[in-house]
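J.: Pasting a structure below so you can have a look.
A short reminder: the numbers here are calculations on the coordinates, not readings from a lab. This one's a predicted model, so the numbers in the text were calculated from it and none came from an experiment. Neighbour counts are summed over all protein chains in view; Cβ atoms, including those assigned to glycine, are modelled from backbone coordinates with ideal geometry.
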Amino acid sequence: MSANEFTIHTPETAPEPSRELLLQTRETFGMIPNLEGVMASAPSLLKSYVSMWDEFENTSLSPCERQIVYQTVNFENTCNYCVPWHTLLSKKAGMSASDINALREGTALSDPKHEALRLFTRELVLQRGKVSRGSLASFFAAGYSGQAALEVVMGIAIKTMSNFTNSIAATPLDEMVKPQFWKKPLADQAD
């Protein structure tokens with residue numbers, strides 16, 4: 001299979017184990033995002049992604065905090081597909097326009113606690129989990145717990161599945177999020 005041969009499945013074309021998951025996705029989102037359509041080629045990946053996404057909703061992190069984790073990972077992994085989606089989802093979670101823009105630009109958030117979450121998530125991604133004790137202490141000092149730290153790991157795992165899928169499959173952006181188009185700021189691409 002070449003890089004141009006990743007199929008965006010529908011419930012009718014997907015392998016049998018993926019069909020019900022695509023139908024559930026359509027029911028939840030009102031459509032099937034191209035990401036899930038691509039993931040359907042690997043039913044175990046799609047099932048893991050959907051399951052983890054659902055479980056991440058049950059963490060101690062608020063809806064805005066979950067979007068901070070997701071969008072920080074999307075930014076660091078340069079996911080041109082996921083940043084637009086999470087821009088929309090961040091709006092739905094009630095995040096301010098200035099903080100949504102900060103996440104899209106990789107800059108500081110207005111709330112110090114949220115900024116501590118962003119920095120902790122960023123360091124986990126960039127250092128491949130090898131965060132400094134000082135970074136962990138700052139995360140705790142901001143009011144987060146060990147449970148929250150482990151939940152951030154879960155959010156990173158979820159986004160790694162989607163970011164890497166989109167990277168290798170060159171997943172086309174869905175129509176409904178095209179107005180949120182994103183390209184990583186050039187200054188950060190040199191890092």
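J.: Between the alpha-carbon centers of the range 75-104 and the range 1-64, tell me the distance in whole angstrom.
T.: That distance is 20 Å.
J.: Might you list the cysteines of the chain that have no disulfide-compatible partner by the rule of another cysteine's Cβ under 4.7 Å?
T.: CYS64
J.: If R₀ is 22 angstrom, what is the calculated FRET efficiency for the pair GLN127 and SER98, using the beta carbon separation as r and rounding to 0.05?
T.: Once rounded, the FRET efficiency stands at 0.20.
J.: Which of GLU65, GLU105, GLU57 comes first, and how do the rest follow, when ranked by fewest Cβ neighbours within 10 Å?
T.: Lowest count first: GLU57, GLU105, GLU65.
J.: Something else about it: Any chance you could run the full-extension gain for GLU105 through GLU55? It's 0.36 nm times the residue separation minus the Cα-Cα distance, nm to one decimal.
T.: 15.2 nm
J.: Let me know the whole percent of all Cα-Cα pairs from the range 60-184 that are separated by more than 17 Å. Write down the numbers at each step before the final one.
T.: Values: 4118 of 7750 pairs.
Counting every Cα pair in the range 60-184, those more than 17 Å apart make up 53 percent.
J.: Give me SER167, SER90, SER138 ranked fewest to most by other Cβ atoms within 10 Å of their Cβ, as a rough exposure proxy. Present the calculation step by step, with values, prior to reporting the outcome.
T.: Details: SER167 14, SER90 24, SER138 17.
Listing SER167, SER90, SER138 from fewest to most nearby Cβ atoms yields SER167, SER138, SER90.
J.: Taking Cα atoms, how many degrees apart are the long axis of helix 112-126 and the longest axis of the chain, rounded to 10 and kept between 0 and 90?
T.: 60
J.: What is the angle, in °, between the Cα long axis of helix 43-56 and the longest principal axis of the Cα atoms in the chain? Nearest 10 is fine, range 0 to 90.
T.: 40
J.: Would you mind putting 15-22, 68-75 in packing order, based on average other-beta-carbon counts within 10 Å, highest first?
T.: Values: 15-22: 16.1, 68-75: 27.0.
The packing order, highest mean first, is 68-75, 15-22.
J.: To continue, here is another question. Rounded to the nearest 10 degrees, what's the angle between the helix 63-76 long axis and the longest principal axis of the chain, both from Cα atoms, 0 to 90?
T.: 80
J.: Give, in nm to one decimal, the length gained when the segment between LYS183 and LEU23 is fully stretched (0.36 nm per residue of separation minus the Cα-Cα distance).
T.: On the way: separation 160, 0.36 × 160 = 57.60 nm, distance 3.05 nm.
Length gained between LYS183 and LEU23: 54.6 nm.
J.: When a/c is below 1.5 the answer is rounded, else prolate if a/b is larger than b/c, else oblate, so apply that to the range 18-58 with a ≥ b ≥ c taken from the square roots of the Cα gyration tensor eigenvalues.
T.: Judged from the Cα gyration tensor, the range 18-58 comes out oblate (a/c at least 1.5, b/c at or above a/b).
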